[in-house]
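Nothing in this text is a laboratory measurement; each read-out follows from the coordinates by a stated rule. Source: prediction; values computed, not measured. Quick reminder, even Gly has a Cβ in these numbers, built from the backbone with ideal geometry, and neighbours come from all protein chains shown.
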Amino acid sequence: MSFKKGIKYLAIFVAAVCVAAVSSAAIYRSFAQRKIAGMRAIHTPDGINVVESVQIGGIHQWIEVRGESVKNPILLFIHGGPGSAFMPVARGFQDPWEKYFTIVQWDQRGAGKTYTSNSKEIQRQTTHVAQMHADTLEVVNYLRKRFGREKIFVLGHSWGSFLGLELAHDHPDLLYAYIGVGQATDAWQNEVVLYQETLDEARRTQNKEAIQQLTAIAPYPSPIITFQQVRIMRQWSGALIGPSQTDDSWMGAKAIFVAPEYTLLNNLDWVRGQLFSIDMILPELTKINVADMGYNYHVPVFFLEGRHDPYTPAVVAKDFFDKMNDTDKQFVWFENSGHFPFSEEARKFTDVLVESVLPLAR
């Protein structure tokens with residue numbers, strides 16, 4: 001056999017292998033999506049399970065609405081990131097809530113399906129903190145009007161907790177209660193505490209690689225924080241001060257790949273949307289301090305915090321919470337959790353929602 005023929009046959013073989021791999025992946029994905037959709041199907045007479053685009057802030061933004069009865073109170077989940085849409089991974093934690101609430105997952109401007117569905121240039125021009133606050137208020141009012149409710153519940157997680165807490169402060173009349181999880185309050189102090197705790201742990205455990213990388217980004221936080229600094233910071237804080245045992249497979253690449261709510265392009269944009277959103281919002285994000293609004297809140301507020309949160313240290317949130325003047329507030333520690341207590345201590349989290357939060361709608 002000549003060299004040219006050998007190369008030709010090799011190329012054909014490689015191409016055949018690639019086609020077979022892609023085909024197998026597509027078959028697996030289709031099967032897994034159908035299985036997940038079947039397992040999560042809602043069969044109750046008043047149930048709801050829709051994924052749809054709505055006009056918010058002048059663009060098409062996507063929401064998923066699920067629950068066993070549309071007569072139940074609405075709970076809007078404001079995801080973190082920025083840009084980390086939870087629609088494709090919410091099945092990892094929210095199914096038990098759907099018996100008691102109608103849950104709304106919202107892919108924010110610049111995230112997930114919303115990132116896919118709109119002009120990138122328009123999103124580039126409009127993705128900033130003030131617009132995100134305006135979008136949040138508009139989503140809340142859309143849900144109130146659509147479902148005929150005077151009030152709803154709002155749960156803000158991580159970055160989304162900035163949006164949720166400001167909404168609670170400015171529009172308490174729209175909410176039964178606000179629930180903060182991985183609550184962010186002072187972005188600068190958050191990074192100060194996080195850096196010191198992580199560096200202290202790296203030195204305690206004599207982790208030379210962590211010490212080298214963390215000292216290399218000093219002083220941290222710097223006046224202009226870069227994505228590279230944040231990436232290094234989160235890599236080591238997650239490894240060193242997060243909970244010792246946690247299963248985060250529910251939000252991994254495989255979980256997103258088989259999500260029935262997402263197309264393959266949405267899968268890709270789940271990643272691209274995060275990079276886009278961080279690029280757009282990070283410069284403003286580092287300057288946010290909710291104490292600038294004061295400490296007077298006129299709505300029930302819950303902070304549900306993981307003791308070992310490696311991204312938004314709960315001690316910073318607790319300091320703010322203690323200064324809040326509203327007496328109708330509750331702080332709940334999740335001793336075995338980090339940034340995701342709704343997954344890491346799922347049973348306890350659901351119990352708090354049902355036993356302490358839900359009655360406020362009655």
Mind checking which aspartates and glutamates have their C-alpha under 18 Å from LYS318, skipping anything on the same chain fewer than 8 residues away? GLU166, ASP186, GLU191, GLU197, ASP292, GLU305, ASP309, ASP326, ASP328, GLU335
Based on DSSP H runs of at least 4 residues, each adding -39500 (n - 2.57), what is the mean residue ellipticity at 222 nm of the chain after dividing by all its residues, to the nearest 500 deg cm²/dmol? -15000 deg cm²/dmol
Please list, ordered by chain and number, the residues whose modelled amide H lies under 5 Å from the amide H of ASP309; skip anything fewer than 5 residues away on the same chain. ALA314
Could you calculate the contour length gain from ARG149 to LYS323, that is, 0.36 nm times the residue separation minus the distance between their Cα atoms, to one decimal place in nm? 59.5 nm
Report, in debye and to the nearest 20, how large the dipole of the chain comes out about its Cα centre when Lys and Arg carry +1 and Asp and Glu carry -1 on their Cβ. 1660
Proximal charge balance of LEU175 [Cβ under 11 Å; K/R count +1, D/E count -1]: 0
Label model pair TRP188, SER119: point-to-point distance (7 angstrom along the Cα→beta-carbon line) in nm is 3.7
Could you tell me the ratio Rg/Rh of region 123-188? Both radii from Cα atoms, Rh via Kirkwood. 0.99
For the cross-link pairs LYS71/LYS348; LYS120/LYS151; LYS35/LYS113; LYS99/LYS120; LYS99/LYS151, which exceed 26 Å when the distance is taken from alpha carbon to alpha carbon? LYS120/LYS151; LYS99/LYS120
Difference of contour (0.36 nm per residue) and Cα-Cα distance, ALA291 to ALA253: 10.1 nm
Classify region 311-362 from the C-alpha gyration tensor, please: rounded if a/c falls under 1.5, else prolate or oblate depending on whether a/b exceeds b/c. oblate
Which percent, to the nearest 5, of DSSP beta bridges fully inside the chain are antiparallel? 40
